[in-house]
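Participant: For reference, the structure I am asking about is given below.
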Amino acid sequence: MQRALTIVVLLLAVAFPIAMQAIDQTYYVTMASRILVYALAATSLNLLLGYGGMISFGHAAFVGAGAYTASIMIAEGLPSAWIGWPLAMAVSGLLALAIGAISLRTRGVYFIMITLAFAQMIYYLTVSMKAYGGDEGLTLTQRATIGFGFDLKDDATFYYVVLTLLVGALYLISRLVNARFGRVVQAIRENEARMEAIGYPAFRYKLIAFVLAGMLGGLAGALLANQNSYVNPGILHWTESGKLMIMVILGGVGHLYGGVFGAIGLLGLEEVLANHKIAWLAALYPNYQQHSLLGVGLAMLAVVLYAPQGIAGIFRRKRHD
Amino acid sequence: MTEPLLRVDDLEKRFGGIVATDGVRLEVMRGEVHALIGPNGAGKTTLIAQLSGSLAPDAGKIVFDGVDITAMPQHSRVRAGLARSYQITSIFRKFSVRDNLALAVQARSGSSLSFWRPVAAETQLAEEAEGIAVQVGLGARLDAPAGSLAHAEQRCLEVGLAVATGAKLLLLDEPMAGMGPDESQRMVDLIEHLRATVTVLLVEHDMDAVFRLADRISVLVSGAIVATGTPDEIRTNAEVRRAYLGDEVPA
Amino acid sequence: MSLILILEQSLNGLQFGLMLFLLAAGLTLVFGIMDMINLAHGSLYMVGAFLAATLVQATGSFALGVLLSIPATAAVGMLLEVAVLRTLYARDHLSQVLATFALILIINELVRMIWGSDMPLSAPGALAGPVQLLPGMPYSAYRLLIIGVGLAVAVLLYFVVTKTRIGMLVRAGASNREMAMAMGVDIKRLFTLVFGFGAALCAIAGAMLGPILAVQVGMGENILILAFVVIVIGGIGSIRGALVGAVLVGMVDTLGRAFIPQILREFLTPAFAGAIGPALASILIYLIMAGVLFWRPQGLFPARG
């Protein structure tokens, strides 16, 4: 049943741009790409948060590092995605290695604070990079090139590339969590002390998970930079880390599709609130669309307080009824 | 005289002004069941923590199987053959009994840096886990989530996890904690059965079990070993009687 | 790099540090006693500033406006505690982080809806001019006021925490909550009070810093992180740690930003110094926090035993 559903959703996703082209609403293809990119970013955090139980409040640093690496490659005249995107993953992976090696020696709230602090450090570093726009950010003259006659400037092509990468990542993660490594990481989340006591060097496994999540986040960052053809330090701000965490919670912590559901949910909500007039809200407060963040905040609060299992949790409960 | 499997030399541990471990000297011979008894607060669990590697001593030396392991991290000691069980049950509640034990088996069967092949396909892990489950009396509960087990069953899993590491020396910290007489008897039988293949350092309050199982007993009072000997020697030791046993000594 | 300049920047650092202390004190108490991470603490600081700006306009008096904003913000804080935050005490840290993060967004937008993106708040006319501290060293009279207020509050806090009964209850709660509860302390009311008190401190900081840093939506986020850095360095639950940490952070941050680019230029090429100087200054306090977490994870003055 589940496999059939997955295939249907996949087919719908593949057909989506074609359908949008047919009804001349290609704006939605761009919006969908954006959602998919954030889905990848949120999924990378879910790996860390949901499966690994590590509450990292600095994940935006890895997304940002990937975005900047990919952007700098294009700016410096090396627009090939085959160079820029793996490099983005390598840079964010190394960054994750450095940050993780220090942060993972702490626990609880200290871990949250130190990951936050490191992310802020990277943020200030990018602000000071005057060569690449500093505070203003860097506008890309073009999107990356992937060869084979495909042009990423075409929104539909870009959409398919992102979709392929997201599906690929989800598949790899689904294998990973059921493999030995995934078992170990989830067991560490449940009872780290006992894992040490039965012979596992917990720190090592947490660090590897941290690096993998960082690398995947870096890929998402590279895609994000290409999506917007623009990158600025703002994507490294800790509030962006917060948004990613909200997506993971909203979608379902520790659920394979948690990041996807969360990105669709949060960005969808933002989109609806900002661009589609809701009659009764407008009657209540005419200017409400300028304050869409209020609705987003209220939704987030409601999820945390009343539905901490997120969207995936609703499915889980339904199956048990 | 043969080398002891475990030798503890002048171990010391202080917490602020409190001396938890006061120059402990202890030897555990290969193949024996060595009991560690003492009044509450004597520092038994602290000692176990230092032996297993989760707590670093301030001074002293621990030699296991001829190797100085004093600075060795806990997970390395497990690989070397020294594992513990906990007084307060510490298992993987959301995992099934089989998966709990399989985790311990997995730690010593090849690398866990495997990202692709599903663990479920590794029948060998499952078989070994099932074997140990039967050994500790949980053969009928293989698929149950560990958190749903009854208290006594959880204590059996607790010991099972230590056994599953394949350790040569098991540090069992009050395995019978909170068990009724029938369940305690089963635990005694289990430890008796383990005697054939592993060495055991047993911390226990249940004196019946101690005197039935132990080849030798060491008595820990206020962080120091005050006596070591056979059950008979300990039973008749005046200082021990005064400090600890009192009327609890079985005739 | 004259001595006068160093002195001036040191005073600026002290001034900023003392205001940071007001925020950190409230934050560390909430964290220490209620074991709750409250990211919305910065929002109370912002609300305090906006309320002060409004009341100053309404009353025409800086002092009156600021004074009235204190109980007003405390009321907002206590309302928030009773309505929303109370449910978070029992939850895990992740939920607290996310819920209070959501609150930041909500409060930011509410403030924007009520007041707009910013409000004017200027120092009182009487203090607009400089004071000659030393021959050749004029210093803003208003900043001296801030230092004065900061020190006064620090002394008051010291008095309340060490010499009064409520202070003793707070200290007991910070070092061992379960014990305090077992001894019959009305924990619910104590929590609400502590929260209100923290909000009051935020109001003072927000109102005093308003004329210097600008009263605008989003002013809470930046200072919030600094406050967290302070309590990590100082030790969670410790007011003394918050004071030492805050002054340390304030001084390092201010002096660093003022002098590191200059110092670097002595050793490195101007281009390079210009590039990494400001960055290094910004990240200096985070490096210190990382160091403290690494070598002394419980902070400089841990409250818990």
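A short reminder: the numbers here are calculations on the coordinates, not readings from a lab. Bear in mind that the values here come from a model prediction, so they are computed numbers and not experimental data. Virtual Cβ from ideal backbone geometry, glycine too; neighbours counted across all protein chains shown.
Participant: What does the average come to when, for each residue of peptide A:187-195, you count the partner chain Cβ atoms lying within 10 Å of its Cβ?
Facilitator: Working: counts 7, 1, 2, 6, 8, 0, 4, 12, 6.
Counting Cβ atoms of other protein chains within 10 Å of each residue's Cβ and averaging gives 5.
Participant: Mind telling me which of B:LEU11, B:LEU157, B:LEU113 comes out most flexible in a GNM of chain B, alpha-carbon contacts under 10 Å?
Facilitator: Ranking B:LEU11, B:LEU157, B:LEU113 by mean-square fluctuation puts B:LEU113 first.
Participant: Something else about it: Grab the DSSP H runs of chain A that are 4 residues or longer, score each as -39,500 (n - 2.57), total them, divide by all residues and round the 222 nm result to the nearest 500 deg cm²/dmol.
Facilitator: Working: 14 runs with 232 residues, N = 321.
Computed mean residue ellipticity for chain A: -24000 deg cm²/dmol.
Participant: In whole Hz, what ³J(HN,Hα) sequence does region A:192-199 give by Karplus (6.51, -1.76, 1.60; θ = phi - 60°), x for Gly and Pro?
Facilitator: Each residue's phi maps through the Karplus curve to give 5, 4, 5, 4, 4, 6, 10, x Hz.
Participant: Follow-up question, since we're still on this one. Taking amide hydrogens as modeled 1.01 Å from N in the peptide plane, which residues meet the under 5 Å criterion relative to B:SER85, leaving out close sequence neighbours?
Facilitator: Under 5 Å from the amide H of B:SER85 lie the amide H atoms of B:LEU171, B:LEU172, B:ASP173, each far enough along the sequence or on another chain.
Participant: Can you give the Rg and Dmax of chain A based on its C-alpha atoms, in angstrom?
Facilitator: When restricted to the Cα atoms of chain A, Rg and Dmax are 19.7, 63 Å.
Participant: Also, quick follow-up: Quick one: what Rg and Dmax do you get for region B:50-142 from the alpha carbons, in Å?
Facilitator: 15.8, 46
Participant: Which of rounded, prolate, oblate describes region A:1-109, given a ≥ b ≥ c as roots of the alpha-carbon gyration tensor eigenvalues and a/c under 1.5 marking rounded, otherwise prolate only if a/b is larger than b/c? Show your work: numbers first, answer last.
Facilitator: Working: a/c = 2.78, a/b = 1.40, b/c = 1.99.
Oblate shape, in that a/c is at least 1.5 and b/c is the bigger or equal ratio.
Participant: Could you check which residue among B:ARG98, B:ARG30, B:ARG117 shows the biggest mean-square fluctuation in a GNM of chain B with a 10 Å Cα cutoff?
Facilitator: B:ARG117
Participant: How fast does chain B diffuse by Stokes-Einstein, in µm²/s, taking the Kirkwood radius from C-alpha pairs at 37 °C and 0.692 mPa s?
Facilitator: On the way: Rh = 18.8 Å.
Approximately 175 µm²/s, per Stokes-Einstein.
Participant: Rounded to the nearest 0.05, what FRET efficiency do C:ALA83 and C:ILE166 have when you use their Cβ-Cβ distance and R0 = 25 Å?
Facilitator: On the way: r = 23 Å, r/R0 = 0.94.
Approximately 0.60, to the nearest 0.05.
Participant: When the scattering of region A:207-296 is computed by the Debye formula from its Cα atoms alone, each counted once and equally, what is log10 I(q)/I(0) at q = 0.18, 0.23, 0.24 Å⁻¹?
Facilitator: Those come out to -0.97, -1.27, -1.30, one per q.
Participant: What nm distance separates the two modelled labels at C:THR59 and B:ARG212, each placed 7 Å from Cα along Cα→Cβ?
Facilitator: Output for this residue pair reads 7.9 nm.
Participant: Is the shape of the protein assembly as shown rounded, prolate or oblate, going by the alpha carbon gyration tensor and its root eigenvalues a ≥ b ≥ c, with a/c under 1.5 for rounded and a/b larger than b/c for prolate? Walk me through the intermediate numbers first.
Facilitator: Working: a/c = 2.01, a/b = 1.37, b/c = 1.47.
Oblate, since a/c reaches 1.5 and b/c is not below a/b.
Participant: Under 20 Å Cα to Cα from A:LYS277, which aspartates and glutamates show up? Leave out anything in the same chain fewer than 8 places away.
Facilitator: C:GLU109
Participant: From the phi of every residue in region B:66-72, what ³J(HN,Hα) in whole Hz does the Karplus formula 6.51 cos²θ - 1.76 cosθ + 1.60 yield, where θ is phi - 60° and glycine or proline is x?
Facilitator: Each residue of region B:66-72 in turn: x, 10, 6, 9, 3, 9, 6 Hz.
Participant: In what order do A:LYS206, C:LYS163 fall by count of nearby beta-carbon atoms within 10 Å, going from fewest to most?
Facilitator: By the 10 Å Cβ count, ascending: C:LYS163, A:LYS206.
Participant: Give a residue-ordered list of calculated ³J(HN,Hα) values for region C:205-220 (Karplus: 6.51 cos²θ - 1.76 cosθ + 1.60, θ = phi - 60°; whole Hz; x for Gly, Pro).
Facilitator: Ordered by residue, 3J(HN,Hα) equals 4, x, 5, 5, 7, x, x, 8, 9, 6, 8, 8, 4, x, 5, x Hz.
Participant: For B:ALA224, what residues show an amide H to amide H distance below 5 Å, using hydrogens built from the backbone and excluding near sequence neighbours?
Facilitator: Correct list: B:ASP22.
Participant: Taking square-rooted eigenvalues a ≥ b ≥ c of the alpha carbon gyration tensor, is region A:91-146 rounded, prolate or oblate, where a/c under 1.5 means rounded and, failing that, a/b exceeding b/c means prolate? Intermediate results must be reported in sequence, preceding the final value.
Facilitator: On the way: a/c = 3.43, a/b = 1.93, b/c = 1.78.
In terms of gyration-tensor shape, prolate.
Participant: Per DSSP helix of 4 or more residues, -39500 (n - 2.57); summed, then divided by the residues of chain C. What does that give at 222 nm, rounded to the nearest 500? Walk me through the numbers before you get to the answer.
Facilitator: Values: 11 runs with 234 residues, N = 305.
It lands at -26500 deg cm²/dmol.
Participant: Further, regarding this structure: Cβ under 11 Å from A:TYR28's Cβ, A:TYR28 left aside: what net charge do those residues give with Lys, Arg +1 and Asp, Glu -1?
Facilitator: Details: positive: A:ARG34; negative: A:ASP24, A:ASP155, A:GLU271.
Here the count lands on -2.
Participant: Could you please state, rounded to a whole Å, how far the C-alpha centre of region A:166-243 is from the C-alpha centre of region B:181-226?
Facilitator: Taking the Cα centre of region B:181-226 as reference, the centre of region A:166-243 is 44 Å away.
Participant: Would you mind pulling out the separation of the Cα centroids of region A:131-158 and region C:38-100, in Å?
Facilitator: 44 Å
Participant: Okay, helix-only estimate at 222 nm for chain B: each DSSP H run of n ≥ 4 adds -39500 (n - 2.57), divide by all residues, round to 500 deg cm²/dmol; what do you get? Write down the numbers at each step before the final one.
Facilitator: Details: 8 runs with 81 residues, N = 251.
One gets -9500 deg cm²/dmol as the mean residue ellipticity at 222 nm.
Participant: Let me ask something else. Taking H placed 1.01 Å from N in the peptide plane, check which residues at least 5 places from A:LEU138 or on another chain put their amide H under 5 Å from its amide H.
Facilitator: Counting only residues 5 or more places away or on other chains, the set is A:VAL231, A:ASN232.
Participant: On the Cα set of region C:3-295, report Rg and Dmax in Å, please.
Facilitator: So, for region C:3-295, Rg and Dmax equal 19.6, 65 Å respectively.
Participant: Anyone know which of A:TYR28, A:TYR123, A:TYR51 comes out most mobile in the 10 Å Cα GNM of chain A?
Facilitator: So, out of A:TYR28, A:TYR123, A:TYR51, the one fluctuating most is A:TYR28.
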